[in-house]
1. Projected onto the charge dipole of the chain (+1 at Lys/Arg Cβ, -1 at Asp/Glu Cβ, origin at the Cα centre), which of ALA124, THR503, ALA454 gives the Cα projection farthest towards the positive end?
2. For the chain, give the percent of accessible area contributed by carbon and sulfur heavy atoms, probe 1.4 Å, rounded to a whole number.
3. Between ARG508 and ALA589, what is the spin-label point distance in nm, taking each point 7 Å from the Cα along the Cα→C-beta axis?
4. Got a sec? What order do LYS613, LYS409 fall in by accessible area at 1.4 Å, biggest, i.e. largest, first?
5. Roughly speaking, what is the stretch gain from THR280 to ALA125, that is 0.36 nm per residue apart minus the C-alpha to C-alpha distance, in nm to one decimal?
6. Between the range 550-593 and the range 483-545, what is the C-alpha centre distance in whole Å?
7. Using just the helices of the chain, give the 222 nm mean residue ellipticity in deg cm²/dmol: DSSP H runs with n ≥ 4 each add -39,500 (n - 2.57), and the total is spread over all residues, rounded to 500.
8. Take SER466 and ARG250, extend 7 Å from each Cα along the Cα→Cβ direction, and tell me the distance between the two endpoints in nm.
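The values are calculated or read from the model by the stated rules, or taken from the named source; none is laboratory data. Worth saying up front: this structure is predicted, and the values here are computed from it rather than measured. A quick note on method: Cβ atoms are made from the backbone with ideal geometry, for glycine too, and the neighbour counts reach across all protein chains shown. Keep in mind that these areas ignore ligands, DNA and RNA; they rest on the heavy atoms of the full protein, side chains included. Shrake-Rupley method; radii C 1.70, N 1.55, O 1.52, S 1.80 Å.
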Amino acid sequence: MDLKFTGATPTDTERQAVDALLGPPASGWEGAATRSDEDLRWARGGAAAAKDRRDQLLPALHAVNDRVGWISEGALDYICRRLTVAPAEAYGVATFYAMFSLRPRPAKVLHVCTDLACAARGSAALGAELTASLAPAGTPVRGAVWQESPCLGLCERAPAALLLRAGAPHTASVVAPATAGALTDAARAPGAAPAGPPPEAAVPQAGRPGLVLLRRIGTTDPASLDDYRASGGYTALRRAFALGPAGVIREVLDAGLVGRGGAAFPTGRKWEATAQQPDTPHYLVCNADESEPGTFKDRVLMEGDPYALVEAMTVAGYATGARQGFVYLRGEYPLAYERLSHALDSARTRGLLGPDVLGQGYAFDIEIRRGAGAYICGEETAIFNSIEGLRGEPRSKPPFPVEKGLFGKPTAVNNVETLVNVLAILEHGAAAYAATGTGSSTGTKLFCVSGQVARPGVYELPFGASLRELLELAGPPQDLRAVLLGGAAGGFVRPGELDIPLTFEGTRAAGTTLGSGVVLVLDGSVELPRVLLRIAEFFRDESCGQCVPCRVGTVRQEEALHRIKDRTGAAAADDIALLREVGQAMRDASICGLGQTAWNAVESAIDRLGVYK
């Protein structure tokens, strides 16, 4: 598509959506109805202006998509003129994200999750019923359309669906557990969809003593700053100001906190390296784009205790010398967006964000940037590109983010769970924090338990508890077949291996990974070859295509798994050998963790579970 030759023009609604975000166009060059004599005398824009505005590209695409439901050529052209972005580049960005459409579609789009946890809970049957009662996926009917979706992060309520309705205002409704009847009713009357359950419904341990990260879920009103402060909120920030930035980093180092996203990098070292960079400004980015299938702990934290994230980010910004923080939030988390937005507004009103936080002379603020459906944007450098208005493709490292991150400046990136841990460290001291867990994995960990268990949800346990202890809390099935640890990028565990200690070092020694805390439980009714195919489809869909080993390897992997889905023994041997060769190539040569881990679960299913024997 070459927008210069289509003659496409935006509708009034599309213009209004963009102007509501960016303000009215300042000149004819930016899309005003006419070009004045002054416009014709002075050309404006250029590379510098484009660079200044480029980070508004993703919000502008969201604005049109939210208002109309899809992005027309005219709307895209108008966005390009407003932001001085080349149409080809904007087209590349708009087509990168699954939640955007550049083809006409109804205002109501029903995203039905078909990923691992929902598949284990009957999403295939749900899709068949929807096809019969509404229409096949992707077929508009009565002003709505449904489509299959990767994980929506609602695994404790599987099978799940998310209904998005474009308009002013646009609305979002979660239907989970979903039935064909409930989805049909929601599609016909989105406003009549029942309200979701409270946050504590996702936390079977809610209200129990001993919780650290989940202690406020179900006991504190997530919309009330007063409630948050009454429950100890902002104690950590006050202590941070008393310690000073270097003192905060020392506490985090002494506590032994490591990142909870799977890489387990020491948080204190990351903050220290960022704080020491002479280049300015420094940025803080909260990775709230948890897209690993089966992961939903960060959503529960943001929905149930949003002020904790706001406070933790303020502490992190203070320690690293950042004046601006960004929360990169999954586009599929509308309630978390609403709760966080409210928390940020309240914090600004009360002087807990802004030019003089708590009267300490420290200026800090936080902005939410919504993702739009791209698993790869959970990679830290892909987040930078996405915020900057580029395709969300990972960058080659070095340079590392602490040197050149967001906008080319020193940046610390942490996920939600990691940041919230900092509050406990400052409230109780590094020694008390490190007394929980093991020597190498300190503190507590959140686990997302889903699949065939009696009580799915987010659980908090000290590092070092066994997988058996966790499953006993959740209620395992009688005929346990396997447990997938770490999500699609993780590995399978046999029923005889339930005494594995849930620590980074313990799972590594057992030949698997803790990852982001996914614990997907499968019983004997699940067809493992189909589960592996779904994992392969996921990685093929989510590969950004930037590097050949991942782009080609994920496709070859899926093809081989299709060929052997009904074979075993010698009939599958050649394709298994091919899978090993392709998997090793992806692991060795891919740019980022997506390609490097795309073969993990398949390999463990072959070697540990003997799927094709």
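1. Toward the positive end, the furthest listed residue is ALA124.
2. Details: 12070 of 23260 Å².
That fraction is 52 percent.
3. 2.7
4. Numbers: LYS613 185, LYS409 55 Å².
If we order LYS613, LYS409 from most to least accessible, we get LYS613, LYS409.
5. 50.4 nm
6. Each part's Cα centre sits 17 Å from the other's.
7. -12500 deg cm²/dmol
8. Between SER466 and ARG250, the simple spin-label model gives 4.1 nm.
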